[in-house]
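Here's the structure, in structure tokens; my notes come after.
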Amino acid sequence: MNNIRNVNNVNNVRNVNNVNNVKKMRNLPLLEEWFHGAVSLEHRQEGIKPWRIPFRDYDLYPPDGIGGKAEICSGIRLRLATASRTVALSFGPLADAAAFDCMAGGRLFQTLRLAAGDTEALFTGLPPGRKELEIYLPQNTGLTLSGLRIEEEAAAEPLADKRPRWVTYGSSITQCVAASSPSRTWPVIAAAACGYHLTNLGFSGNCLMEPMAGRMIRDLPAELITLCVGVNIYGAASSSPRMFTPLLIGMLETIREKHKETPLVVISPTFGTERETEENKLGFTLPLMRREIADTVKLLQARGDRYLHYMDGLEWFGPEDGDLLTDGLHPGAEGYELLGSRFGGRLAAALQAARQ
């Protein structure tokens with residue numbers, strides 16, 4: 001992590017003409033092929049806006065596109081191969097302060113921290129020669145990309161990602177706003193370690209197992225699907241113990257309509273301090289949710305689903321890790337690093353347990 005460059009004085013990076021030693025730049029065509037990790041791409045007059053829902057069905061994901069979270073760019077990145085040592089992204093004014101990461105050859109090379117209202121991310125001093133770049137967009141806000149520029153004499157081409165596709169659905173703990181930067185969310189860390197092409201469907205405060213979320217996951221290409229469910233339902237008291245299991249069964253059976261043999265892992269809530277013992281308005285605690293989730297998986301396994309698996313969230317992030325929580329529920333940056341580093345081992349254990 002010592003090679004990260006934090007750009008805190010953003011006034012000097014808004015316009016490439018104000019940055020010393022930056023060569024002349026040229027615009028690249030805005031192609032869908034640059035983008036990875038989005039569910040859909042909306043072509044607007046000002047550029048391309050990535051979404052984590054099918055944007056044409058926005059009205060079917062109330063309120064406001066899954067609580068306004070579907071436009072946030074968590075896990076979405078641009079991939080290109082180029083010899084340019086400078087790459088610039090232009091976009092509409094940021095709604096919030098945000099970070100952008102540039103990975104070079106699979107390693108984090110530079111982090112830019114921009115202020116609300118900024119309209120450009122300028123990565124400079126990139127390694128010489130042709131290299132493979134991934135530029136991660138912010139995990140806390142949405143944007144419309146209006147320009148992608150490289151040095152005038154350089155070439156660039158979209159970089160395909162042929163790794164198996166992984167779709168992960170979850171709450172703020174999957175969206176990871178508090179990660180140190182967008183490539184340091186636990187799903188991105190885990191995808192890199194395990195060799196997956198990631199689509200992150202973490203919707204902060206809005207992982208409520210809506211039927212349309214299940215339909216969306218059903219329709220996405222995937223070689224692995226993980227669902228981290230429960231904690232938002234506890235917090236919002238959006239489902240009673242009576243309805244929780246039917247909702248989960250409905251989501252899983254919907255996904256199975258098109259993913260008959262895709263490994264599907266259901267992850268119960270990670271450690272949540274007082275939520276472990278205090279009932280919410282409908283009588284739920286996290287331990288009760290974990291039992292309901294585990295029993296539901298066992299039920300469907302007994303009915304012949306050999307590709308359905310259970311992961312206990314407490315074995316992934318438990319009471320012994322509580323000091324890493326920032327508010328009794330959310331891991332801070334260090335906690336997300338830990339979740340990412342542990343995920344591959346916990347996933348392998350869950351898959352192995354179902355074979356025994």
Return only the number of the condition from (1) in contact with a Ser or Thr (Cβ under 9 Å, 6 or more places away or on another chain); (2) outside any strand (DSSP E or B) that L143 does not satisfy.
(1)
Inside the stretch 270-356, counting only helices (runs of 4 or more DSSP H) that do not spill past its ends, which hold 3 or more residues that are surrounded by fewer than 15 Cβ atoms within 10 Å (Cβ to Cβ)?
286-302, 333-355
Would you check which residues across the stretch 39-52 are without any contact (Cβ under 8 Å) to a residue 60 or more places away in the chain and assigned to a loop (DSSP other than H, G, I, E, B) and list them?
Q45
Filter the stretch 230-263 down to residues that are of a type in the set (S, T, Y) and in contact (Cβ under 8 Å) with a residue 40 or more places away in the chain and give me whichever is nearest to G170 (Cα to Cα).
Y234
Going through G230, G202 one at a time, which residue ends up being at positive phi and either under 13 Å from the mean Cα position of the chain (by Cα) or buried (at least 18 other Cβ atoms within 10 Å of the Cβ) (or both)?
G230
Would you point out which residue out of S146, S180 is within 21 Å of E71 (Cα to Cα), open to solvent by 10 Å² or more (accessible area, probe 1.4 Å) and more than 15 Å from the chain's Cα centre (by Cα)?
S146
Using beta carbons and a limit of 7 Å, which pairs, at least six apart or on different chains, have the first residue in the stretch 118-131 and touching a residue at least 12 places away in the same chain (Cβ under 8 Å) and more than 12 Å from L89 (Cα to Cα) and the second one outside any strand (DSSP E or B) and basic (K, R)?
G125/R85; L126/R85; P128/R85
When D118 is evaluated against the numbered criteria (1) part of a loop (DSSP other than H, G, I, E, B); (2) open to solvent by 10 Å² or more (accessible area, probe 1.4 Å), which criterion, by number, is the only one it fails?
(2)
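The values are calculated or read from the model by the stated rules, or taken from the named source; none is laboratory data. All values derive from a computational prediction rather than experimental measurement. Here Cβ is always computed from backbone atoms with ideal geometry, including for glycine, and neighbour counts include all displayed protein chains. Surface accessibility is based on the protein's heavy atoms, side chains included, excluding ligands, DNA and RNA. Shrake-Rupley method; radii C 1.70, N 1.55, O 1.52, S 1.80 Å.
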